[in-house]
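Working notes, beginning with the structure itself.
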Amino acid sequence: MKGASLIKFYFVRYFFLAFAAMQAVAAVILLLNYEDTPKSRFAFFVLSSLALILISIHALVFKQIRQVSVSKKKVTITHRDKLKHYEWKEVKELRHLPFLNMYSLHLKGKKKKVYFLPPSGSEAVFGLFSGELDALKK
């Protein structure tokens, strides 16, 4: 079983939060340098609104990204150094999100979906990874 690399995982998970922090810092610098001009107030409003939107996107969507390892018999979800093992019969839905190159996993008895990244260099084939299919055939 192999999951996505840690660098890829943390980059995707915290990208919007880091970008929001840069927007907020730019807004504050702009407000301090050009205090009472209408253009600077408008730019501050736009940048701070964008920062708040990006923070809310991070809080709503990207907090659900987990590290998931998929094998023939079980699915393992890693969250804060805790491993939870589920069998395939507990999986309600596994869906590929092609635009984001992510997967959503819905488990039976759970309200929220878990989003995860595929392992490096793998492609989706009917909801499974091509590298895993080779291992399943053996």
| remark: For segment 18-130, using Cα atoms only, the Rg and Dmax in Å read 20.2, 64
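Over segment 18-109, what is the mean sequence separation of C-alpha contacts under 8 Å (at least six apart), divided by residue count, expressed as relative contact order in percent? Display every interim value, and only then the final one.
On the way: 88 pairs, mean separation 14.4, N = 92.
Relative contact order, segment 18-109: 16 percent.
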| query | Given just the C-alpha atoms of segment 50-106, how large is their convex hull per residue in cubic angstrom? | reply | 98 Å³
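Every number here is computed from the coordinates shown, using simple stated rules; none is lab data. Keep in mind it's a predicted model, so treat the numbers as computed, not measured.
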